Amino acid sequence: MSKDYYNTLGVSKSASADEVKAAFRKLAHQYHPDKPGGNAEKFKEINEAYQVIGDEEKRKKYDQFGSAAFDGSAGFGAGGPFSGSGFDFSGFQGAGFEDLGDIFGEMFGFGGGGRQRVRRGKDVRVDMDISFYDSVFGAEKELTIHIPSACARCGGVGGEPGTNMETCKDCKGSGVRTVSQRTILGTVQSRTTCPTCRGEGEIPTKACTECRGAGIMRAKKTLRVSVPSGVEDGNVLRVRGAGEAVKGGESGDLHVVLHVLEDKRFAREGSTIYSQARIGFTQAALGDTIEVETVDGSAKLDIPAGTQSGAEIRLRGKGVPTRSGHGDHVVVVSVVTPKKLSRDQRELLERLDLSEK
């Protein structure tokens, strides 16, 4: 399905290059993932649209053929209107190699209609301890991290609020530098991101006094992480867009590794919770009803007559919540043999003679 890049940026087809750039900057500032109310997916769409209609040559192809000119469809591969250059990358579409055309273009300098990859910050991994109870029922937890984030003063733009932008003189607005190297195969051109503008093609006329133009600063962020019910030790939660920020790109993700703290009362295996109960010899022989602790509170447990030490008694539906209901709680019974007996108790046991024959 063809994408309407003009509509994405909110400009008309007759919009000038300056109008396109101004619309992009306004929307990018509004939807940057690191800003309150930001939207990573919307930011990505805006960036994709600008990479096409913000480039004069790509815009001409888009106006003639639509977005199909950039996704490998409608005959834009071998034999299509752009074949004959000696290089055909259409066969890699959908196989995870969509950027090979760009890579070779940058290495050998023949450029073309390749798609410019969106810059993305690094993913970040942090550890978080949670209680046994929270692992069973889930919880909302606060997590404080120190991480490169969009500058609070300039919103990640790099310029003082209200400052105009100007074309980067080092790369003349292209965002890349071309470097020639002599090799045994001849002169090879390579293209690298311009270090002055960091690939954006423009720089502020006055750098932000807080981040000195970087757009990014290391800052303390407090996040609310939703821990779902039933998680286990070692599970990883991904918080999209909460990783490292980069200027002119989208933030990476935050990976939260959960560590479930031990509980002296309970152990767990999948959706089943285990605990122990100690009972006396008479209770085991004659049977009894006792109270035991579960994650839902206290519960009645029936001890059948003749219960042996190590017996497992199951409480249905008192375990870990699952999609289909609840697991069970298993109580492992331990029969305690008295260490001290009175004379009467000893004589009574001798008369009973309960030894195995």
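No value in this document is a laboratory result; all are computed from the given coordinates. Predicted model, so just to flag it, every value in this text is computed and none were measured. We place every Cβ from the backbone using ideal geometry, glycine too, and count neighbours over all the protein chains shown.
Straight-line cross-link reach from LYS44 at under 12 Å between alpha-carbon atoms covers these aspartates and glutamates, not counting any fewer than eight positions away in the same chain: GLU250.
Would you mind checking the pairs LYS21/LYS122; LYS141/LYS247; LYS300/LYS340; LYS26/LYS206 and listing those with alpha carbons more than 21 angstrom apart?
Checking Cα-Cα distances, LYS21/LYS122; LYS141/LYS247; LYS300/LYS340 exceed 21 Å.
Residues in region 153-161 carry Karplus couplings, in order, of 6, 9, x, x, 6, x, x, 4, x Hz; the curve used is 6.51 cos²θ - 1.76 cosθ + 1.60 with θ = phi - 60°, and Gly or Pro positions show x. Residues ASP127, ASP134, ranked from the fewest to the most other C-beta atoms within 10 Å, line up as ASP127, ASP134.
Stretching ILE145 away from ASN164 to a fully extended chain increases their span by 3.6 nm, per 0.36 nm per residue minus the current alpha-carbon distance.
Residues in region 328-333 carry Karplus couplings, in order, of 10, 10, 10, 9, 8, 8 Hz; the curve used is 6.51 cos²θ - 1.76 cosθ + 1.60 with θ = phi - 60°, and Gly or Pro positions show x.
Rounded if a/c is under 1.5, else prolate if a/b beats b/c, else oblate: with a ≥ b ≥ c from the C-alpha gyration tensor eigenvalues square-rooted, which is region 227-312? List each step's numbers first, then the result.
Working: a/c = 5.65, a/b = 4.65, b/c = 1.22.
Prolate shape, in that a/c is at least 1.5 and a/b is the bigger ratio.
Proximity of backbone amide H atoms, modeled 1.01 Å from N, is registered between GLY327 and GLY319, VAL320, THR322 at under 5 Å, excluding neighbours fewer than 5 places apart on the same chain. Over the C-alpha atoms of region 267-352, the Rg to Rh ratio, Rh being the Kirkwood estimate, stands at 1.12.
Classify region 155-246: rounded, prolate or oblate, from the alpha-carbon gyration tensor (a ≥ b ≥ c, eigenvalue square roots; a/c under 1.5 rounded; otherwise prolate if a/b is larger than b/c)? Walk me through the intermediate numbers first.
Numbers: a/c = 4.31, a/b = 1.53, b/c = 2.81.
Judged from the Cα gyration tensor, region 155-246 comes out oblate (a/c at least 1.5, b/c at or above a/b).
The ranking of MET128, MET217 from fewest to most other beta carbons within 10 Å of each one's beta carbon is MET128, MET217. For VAL124, the residues 5 or more places off, or on other chains, whose built amide H falls under 5 Å of its own are GLU244, ASP253, LEU254, HIS255.
Using the count of nearby Cβ atoms within 10 Å as a rough guide to exposure, how do THR8, THR183 rank from fewest to most?
THR183, THR8
Under 5 Å between amide hydrogens, built in the peptide plane, is the criterion, and for ALA139 it picks out VAL227 among residues at least 5 positions away or on other chains.
Can you tell me how much longer the chain between VAL188 and ALA299 gets when fully stretched, taken as 0.36 nm per residue apart minus their C-alpha distance, in nm with one decimal?
Using 0.36 nm per residue and subtracting the Cα-Cα distance, I get 32.2 nm.
What shape does region 127-285 have by the C-alpha gyration tensor, where a ≥ b ≥ c are the square roots of the eigenvalues, rounded means a/c under 1.5, and otherwise prolate means a/b greater than b/c and oblate the rest? Prolate, because a/c is 1.5 or more and a/b exceeds b/c.
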